[in-house]
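One structure is given below, encoded as structure tokens.
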Amino acid sequence: MSTNQGHTGIAAPPNLRRGAAYFALLVLGALTGLAGALVQAGWFPGGLVLALLGAAALFYGGRVATGTTLGVGAPAVGWLIAVMLLTSTRPEGDFVFGAGTGSYVFLLGGMVAAVICATARKVPSPGPDSARPGK
């Protein structure tokens, strides 16, 4: 009999597949932040909507794929790191984000999307008899 039965959370043994999934979500979050930073200003206002929808879809998809709120946190952290690195100026004076309204909406909108996805109620999974509503 295994001694790890019933352990969840911190007491659970490390799961390499789940760790790899969180790392992949972190990298996808960084790539989504980079792509969103470029698209939101390039095709304003449609690019802004596309960038925010892409980030929100990744955050929600991470939650559904892993079944945990950490599935939202991993891509959100990657997104935030990428976006914060892109907001800093370089010694030459170059930067990706301008001082326009669209940039602020992208920054705040992405953070709000992550919070909404992390705090939303978990959608219940259908039971085994859901295909037969009369039974």
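Computed quantities for the displayed model
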quantity	calculated
Residues of region 67-89 satisfying the condition of being outside any loop (DSSP other than H, G, I, E, B) and among the hydroxyl-bearing types (Ser, Thr, Tyr)	87
Long-range neighbours under 7 Å by Cβ, at least six apart or interchain, first residue among the basic types (Lys, Arg) within region 52-73, second at pLDDT below 95 and surrounded by fewer than 18 Cβ atoms within 10 Å (Cβ to Cβ)	63/69
Yes/no for residue 64 being at pLDDT 90 or above and part of a helix (DSSP H, G or I)	no
Any hit, region 98-115, residues being modelled with pLDDT of 70 or more, over 30 Å from residue 41 (Cα atoms) and not in a helix (DSSP H, G or I)	no
Residue check, residue 52 in contact with a helix residue (DSSP H, G or I) (Cβ under 9 Å, 6 or more places away or on another chain), modelled with pLDDT of 90 or more and more than 30 Å from residue 15 (Cα to Cα)	yes
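The values are calculated or read from the model by the stated rules, or taken from the named source; none is laboratory data. Keep in mind that what you see is a predicted model, and the values were worked out from it rather than measured. Every residue, glycine among them, receives a Cβ derived from its backbone with ideal geometry; neighbour counts consider all protein chains shown.
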